[in-house]
Every structure is written in C-alpha cells, then in structure tokens.
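The values are calculated or read from the model by the stated rules, or taken from the named source; none is laboratory data. Values in this document were obtained by computation on a predicted structure and should not be read as measured data. No Cβ is skipped: glycine too gets one built from the backbone with ideal geometry, and neighbour counts run over all protein chains shown.
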C-alpha cells in the first residue's frame with residue numbers, strides 16, 4: 001500500500017491556519033476601508049452644512065441690502081446698520097437692521113421692532129452664521145472710492161455698494177459685493 005493512498009481526505013492544520021490568516025487580513029482591510037468611507041461621508045456632510053449656512057447668510061444679507069432705504073444711519077464701528085423696507089410680498093416689516101461679528105465668532109443680525117423706536121427699545125439679536133474668524137465691511141461712496149466706515153456725510157445716507165469680506169474659522173476667505181442702488 002502506498003503512503004499517499006492511506007492519507008484521509010481533508011485539510012491540514014497549516015492549510016486551515018493559512019486560510020484563516022488570509023480571511024483575517026481581508027476583514028481588517030474591509031473594515032478600514034469602510035471606516036474611511038464613513039469618515040469621508042461625515043466630512044462631506046459637515047462641509048455641505050457649512051456651505052448651506054454660508055449661502056443662506058449671503059441670501060439674507062443680499063435681500064436686506066436690496067430692500068435698504070435711504071434714511072439716516074446710526075452705525076457703530078464693525079457693524080452695518082440700515083433701514084430696510086418691507087418686501088412686496090408683505091413677509092418682512094420695515095425696520096432697522098444691523099449685522100456684526102459677536103464675541104462668539106458668529107455673525108449676528110440685530111432687528112429693531114420698527115423704524116422709529118424709542119432710544120431705550122431693546123433690539124432682538126440672532127446668530128445667522130457661526131464659525132467666522134473675520135467680518136469686514138467696506139462701503140462704496142458716490143466718488144466710487146471704498147471707505148472703511150459709513151456714513152461719510154449727512155448727504156449720503158446709503159453707500160452705492162457694500163463689500164463684505166468673511167474669513168471662516170476653517171480658513172476660507174470669501175469676498176462679495178452687494179449693490180444698494
């Protein structure tokens with residue numbers, strides 16, 4: 001009888017251990033790949049949310065600026081304060097509006113209850129864009145020169161345009177110009 005014929009069928013221990021090692025390596029690689037895909041998905045979701053908030057802020061700022069009224073402006077440094085007309089749809093009431101960067105690094109909108117309110121009337125403040133490192137405003141005057149403060153004179157209650165420069169906490173710098181006339 002030959003030695004080969006006497007051996008029973010099946011796998012040796014070394015063959016089983018080799019197969020288990022290969023399957024273990026495949027499982028680890030699959031798990032790491034799945035983890036990378038999930039991390040990428042979370043990153044994309046966070047970036048999408050960030051840019052949605054930025055787009056919503058720009059949309060609101062543009063709408064408010066386009067509805068601005070030529071009335072006396074009481075602006076403090078670092079904020080843009082103006083009077084906004086009501087929309088033709090009647091959604092917004094005419095009121096005083098201001099935008100500024102608050103101490104929490106959020107762009108904050110300040111809304112007064114009406115146009116001509118008592119000096120001690122408390123406005124309502126809302127954070128409209130979080131995670132902002134810098135918020136800079138420049139104003140285009142009648143001579144087409146950019147100014148760092150507004151108003152420059154009593155005769156010009158509104159600038160021709162507002163240049164808004166944002167630096168987000170994540171490092172992106174965004175500059176947009178909004179026409180007021």
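General remarks:
- Any pair with Cβ under 6 angstrom, 6 or more apart, that starts in the range 95-120 at a residue that is closer than 23 Å to residue 50 by Cα and ends at one that is at pLDDT below 85 and assigned to a loop (DSSP other than H, G, I, E, B): 100/78
- Scanning the range 82-105 for residues that are under 21 Å from the mean Cα position of the chain (by Cα), buried (at least 17 other Cβ atoms within 10 Å of the Cβ) and either farther than 16 Å from residue 157 by Cα or at pLDDT below 85 (or both) returns 99, 100, 101.
- Where residue 116 falls short, out of the listed (1) surrounded by fewer than 11 Cβ atoms within 10 Å (Cβ to Cβ); (2) closer than 14 Å to residue 58 by Cα: (2)
- If the condition is being in contact (Cβ under 8 Å) with a residue 12 or more places away in the chain and not in a helix (DSSP H, G or I), then the range 57-75 contributes 67, 68, 69, 70, 71, 72, 73, 75.
- None of 54, 28, 37 is surrounded by 15 or more Cβ atoms within 10 Å (Cβ to Cβ), part of a helix (DSSP H, G or I) and either more than 19 Å from the chain's Cα centre (by Cα) or at negative phi (or both) except 54.
- In the range 3-17, the count of residues that are at pLDDT 80 or above, in a loop (DSSP other than H, G, I, E, B) and closer than 17 Å to residue 157 by Cα is zero.
- Close Cβ contacts (under 9 Å, 6 or more residues apart or on different chains) running from residues in the range 138-149 that are touching a residue at least 12 places away in the same chain (Cβ under 8 Å) and on the phi > 0 side of the Ramachandran plot to residues that are outside any strand (DSSP E or B) and surrounded by 12 or more Cβ atoms within 10 Å (Cβ to Cβ) comprise 144/160.
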